[in-house]
1. Which values, in whole Å and largest first, are the semi-axes of the equivalent ellipsoid of the stretch 2-45 obtained as the square root of 5 times each eigenvalue of the Cα gyration tensor?
2. Check the straight Cα-Cα distances from residue 35 and name the aspartates and glutamates below 14 Å, setting aside those fewer than 8 residues away within the same chain.
3. Could you work out how much longer the chain between residue 36 and residue 17 gets when fully extended? Use 0.36 nm per residue separation minus the Cα distance between them, nm to one decimal.
4. Assign unit charges at the C-beta atoms only (+1 for Lys and Arg, -1 for Asp and Glu), then state the dipole size of the chain relative to its Cα centre in Debye, rounded to the nearest 20.
5. Among the trypsin sites (Lys or Arg not before Pro) within the chain, which fall in a DSSP loop and have no more than 11 other Cβ atoms within 10 Å of their own Cβ?
6. Return a whole-number percent for the relative contact order of the chain, with Cα pairs under 8 Å and 6 or more residues apart as the contact set.
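Quick note: the coordinates plus some simple rules give every number you see, no bench work behind them. Model, not experiment: these values are computed from the prediction. Ideal geometry is used to build each Cβ from the backbone, glycine not excepted, and the neighbour counts take in all protein chains shown.
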Amino acid sequence: MVYQQLIEKLKTQRLHFTLIDPDKQKIEDVEKIVKNAVDNGTDAFM
């Protein structure tokens, strides 16, 4: 389902993926990072 949504969007737009490196982020900061990325239009997380 998610794959299909990304493929459909990719037909007309660029996609933005956000990488959250667990070795470089404090667990308590992840929620803020995710919220900021979503608010700014990221399409997926890795």
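1. Working: eigenvalues 118, 22, 11 Å².
Semi-axes, largest first: 24, 10, 8 Å.
2. 43
3. 5.5 nm
4. Numbers: 7 positive and 8 negative charges, 44 e Å.
About 220 debye.
5. 11, 14, 24, 26
6. 53
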